[in-house]
Amino acid sequence: MADNPYAPPSVAQSSPASGAAAPAAGMAQCSITKKWFPEDELVTFQGQLVCAEGKQILLDRLQTGALATNEFVRPGILRRFGCIFLDGIVLGVVGMVLDLLLGLSYFGYVGTAQGSLMAWMGNLLSVAAAILYFGLLHGWNGQSLGKRVGNLRVINMDGTPISKSKAFARALAYTFGNVLFALTLFVGLLTKNMTVFALGSVLAGLWGLTDCIMALVDTRMQRSLHDRICRTRVIWLNG
């Protein structure tokens, strides 16, 4: 079972071989290469004390998906998409509340210009809410409500927590299909030419489909399109 990457780092230092001289004071052992260095030449990386060579080895293993000590565990497909489903429910409820508060009622306006405008405003609000939701929560501790239930977390490729700016950039990449949908709907309403909107709808669907397919075919890290754009990944904190 993998260790929690956010737990305090521990240094695995093996004792010198029998009969060998004890290391000098101020020396520490690299967890990967097992070589001894002055303590100020080692850094903590992925919960381990490593030298420059050891850090590069860990980075190579991370990039290739090879498991290492304290390596992160990718979530199962059902767990990952289950968390997405839970987040979708949360955002759906938020969207309905916003519609009610702003009086965006579509009943009786279907097929009319007013109904189309209300649909666009509702879609725009939903996109903005999703970007704020994922940006704020992922920027805080890497977990949306769905990920918290599923014990998942978004991290950088080197194992560090993502910044707030990257969290919002990732949220934008994740919702880009919805953003494209809203923009082309607005252009279609403005120009009274829904061909643009139809094209945008197709492109938005392709974006979402590509996002899902990339996560499904990546059996090592399960990185989706928005993860690759932002150089992030989702891990399972099963420890």
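Counting neighbouring Cβ atoms within 10 Å and putting the fewest first, the residues ILE235, ILE213 line up as ILE213, ILE235. Protection proxy ranking, highest mean first, for peptides 181-189, 34-42, 158-166: 181-189, 158-166, 34-42, where packing is the per-residue count of other beta-carbon atoms within 10 Å, averaged.
Take the Cβ atoms of LEU145 and LEU117, set R0 to 25 Å, and the FRET efficiency comes out at 0.20.
Using R0 = 22 Å, the C-beta based FRET efficiency linking ILE213 and LEU78 works out to 0.85. Counting beta carbons within 10 Å around each of TRP140, TRP207 and listing the fewest first gives the order TRP140, TRP207. Annotation: lysines with alpha-carbon distance below 19 angstrom to LYS34 (same-chain offsets under eight excluded): LYS55. Give me the distance between the Cα centres of region 140-176 and region 192-239, rounded to whole Å. A separation of 15 Å, based on Cα centres.
For a straight C-alpha distance cut-off of 27 angstrom, the lysines reachable from LYS147 (same-chain residues fewer than eight places away being disregarded) are LYS164, LYS166. With viscosity 0.692 mPa s and temperature 37 °C, the Kirkwood radius over alpha carbon pairs of region 159-239 converts through Stokes-Einstein to a diffusion coefficient of 233 µm²/s.
When CYS212, CYS51 are arranged by Cβ crowding within 10 Å, least crowded first, meaning fewest neighbours, the order is CYS212, CYS51.
Bear in mind these aren't lab numbers, they're just calculated from the coordinates by the rules spelled out. What you are looking at is a predicted structure, and each value in this text was computed from that prediction instead of being measured. Neighbour counts run over all protein chains shown; Cβ positions are idealised from the backbone, glycine included.
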